[in-house]
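The values are calculated or read from the model by the stated rules, or taken from the named source; none is laboratory data. Keep in mind it's a predicted model, so treat the numbers as computed, not measured. Cβ placement follows ideal geometry from the backbone for every residue including glycine, while neighbour counts extend to all protein chains displayed.
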């Protein structure tokens, strides 16, 4: 009897997933909810206390982070700008050709006089000295070429999600743009040195270690350009 609630929950989850898929097919993809990048952020974080208010004649303004301090990102929750300018080109061409031929023959001239008996058993020009003969030939030709050109020029704001023991910063950022029925999503993550962050609080993508940059989309156009699932399975597991 306990399995009945589990089955009911599974059926309800499947129905909700099917309903959301149908709604997305009719209305188009929805933007993801805005949230702090929780994948790399600890559960509990320590925040500095609010600065105390100064007198009316003080140069300190309530709400300012610092007076003479560095305004570049250096703590968990700080924001910095990542400039992505990828212009990669690659061109390779390979050609392979293999040929191999072989032949072998063998026979028995004397085998206790039984070679004459084999001659009678296999009439038609039996030659005991050439009883076995094999030949083989292998030919293989292959060629391949790659001509790739990629250009991505984007800017995204990232959040400092962790500070490593050596002072390096772990950052993560995401940006979504919806145009009609198509959503374009840009994500960036990696590790940066505080020394590489410019005075304008920006950093280039080439200065991010373990960089993970993704630019893609979802929607009607992406769905039409994608290979059908059944065809993808056949192409992936086909032995031919």
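Computed quantities for the displayed model
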item	result
The stretch 185-206, residues that are surrounded by 11 or more Cβ atoms within 10 Å (Cβ to Cβ), farther than 16 Å from residue 157 by Cβ and free of Cβ contacts under 8 Å to residues at least 24 places away in the same chain	196, 206
Filter result (in contact with a strand residue (DSSP E or B) (Cβ under 6 Å, 6 or more places away or on another chain) and under 16 Å from residue 169 (Cβ atoms)) within the stretch 197-240	197, 201, 202, 203, 204, 205, 208, 209, 210, 211, 212
Some residue of the stretch 75-83 being assigned to a loop (DSSP other than H, G, I, E, B), modelled with pLDDT of 70 or more, surrounded by 11 or more Cβ atoms within 10 Å (Cβ to Cβ) and on the phi > 0 side of the Ramachandran plot	yes
Verdict on residue 181 being within 21 Å of residue 86 (Cβ to Cβ) and touching a strand residue (DSSP E or B) at 6+ places or on another chain (Cβ under 7 Å)	no
